[in-house]
Each structure stands twice: as C-alpha cells, then as structure tokens.
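Since the structure comes first, as structure tokens, the remarks are kept for the end.
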Amino acid sequence: MVHKAFGMALLASLLGAGPGAAAAEPDAQHQSIAEAATSAQTRCYKHMYRDTHAYAQCLRDLRHAQSDSPLQKLGIEYFAFVGALSYLRVGHLNADQIAAEFLKDYRLTQQQVGISDADLCRTIPGDCTVRLAQTREMEAAPPPPMGLRVQCIGRVCSMLPAQ
C-alpha cells in the first residue's frame, strides 16, 4: 500500500503536479463552468420562448458581470449558445443569430481557458455527439447576418427581421 502511494506521488511529481492536483484541477474547472452555466440557465432561459432579445441581453449582462472570471464567463457563453441551439432545432425566430453570436464568443474564451470541446460539452447535460456535430456545422456555415426593419403601428414601433 505504501509503495502504491509513493508510486502515485512520484508519477504526479514527474508530471509537474503535486499529489492529486492533476485530477482535481479539471474537476474544479468543470464544476466552475457547469455552475455558471446552471446559473445562466436559471436566470435567463425563461426569456427565450417569448423574447429572444431579452434572453440574449440577460446573458450578455451576466457575462459582463463575470468578465474577470474566464471560467464563469465561459459557462455563461456556452450555455447561451446551447440554449439558443436548442431553440434553433425547432426553428425559433432569431435563435440562429444568438447561437452564432455566442458560438463566436465562447470559442474565444474557451481558447483562453484551454478546455477541449468534449470536456466543455460535458458541463451541460445533453447529447454531446449531436451538440458537437451541430457546432461544427454552424462553424462551417454560419447563418447570414439578419437585417432589421422598423415597423410602426399607431405610435408603437418595433424592430422586426427584414424580409
């Protein structure tokens, strides 16, 4: 038993980490990202069905508040993408634009954090095989930018997608 513990400590030191550090760090990183994603879901996902702009703005505001914490920021951005991707599957208006926005953003933060696609995908429950395929597909063929137009009825004006 002592020899096994010594061997593990020696292996960890050869890999440049203290005992248990190599295993603990990815778990802590994963947990931090997952907690931020869950918080974003709790606070913002309720807006997606009725107001995609409110959903996106809620997530932008959360991200801005976490700008000093790359792991928290990544969790928020990744959930924003995954949430929009979920609504994109059913053809929800503007979901493709929100997914594209946050895909671009989370990729930059993901690169800064240094987490793989597979590890990041596991921070939010779901089918990672499908999600990663959809991510690659969106990166290969991003949606065209959506133009907007103003429509006024009476004295109430709103922005609508250009047709």
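The values are calculated or read from the model by the stated rules, or taken from the named source; none is laboratory data. Just so you know, these numbers come straight off a predicted model, no measurement behind them. Counting neighbours? That spans all protein chains shown, and the Cβs are built from the backbone with ideal geometry, glycine included. Ligands, DNA and RNA are excluded from the accessible area calculation, which covers all protein heavy atoms including side chains. Shrake-Rupley method; radii C 1.70, N 1.55, O 1.52, S 1.80 Å.
Test Gln97 against the criterion of being surrounded by 12 or more Cβ atoms within 10 Å (Cβ to Cβ) and closer than 21 Å to Arg63 by Cβ, and give yes or no.
Yes, satisfied.
Can you name the residue in the stretch 102-111 that is open to solvent by less than 50 Å² (accessible area, probe 1.4 Å) and of a type outside the set (Ser, Thr, Tyr) and, of all such residues, is nearest to Leu132 (Cα to Cα)?
Per the stated criteria, the residue is Leu103.
Count, please, the residues in the stretch 115-149 that happen to be farther than 22 Å from Gln41 by Cβ and either open to solvent by 60 Å² or more (accessible area, probe 1.4 Å) or in contact with a helix residue (DSSP H, G or I) (Cβ under 8 Å, 6 or more places away or on another chain) (or both).
Number satisfying all stated conditions: 12.
Residue check: is Ala84 open to solvent by less than 20 Å² (accessible area, probe 1.4 Å) and assigned to a helix (DSSP H, G or I)?
Against the criterion (open to solvent by less than 20 Å² (accessible area, probe 1.4 Å) and assigned to a helix (DSSP H, G or I)), Ala84 qualifies.
Just to be sure before I move on: is Ile76 part of a helix (DSSP H, G or I), of a type in the set (Val, Ile, Thr) and open to solvent by less than 60 Å² (accessible area, probe 1.4 Å) in the structure I sent?
Against the criterion (part of a helix (DSSP H, G or I), of a type in the set (Val, Ile, Thr) and open to solvent by less than 60 Å² (accessible area, probe 1.4 Å)), Ile76 qualifies.
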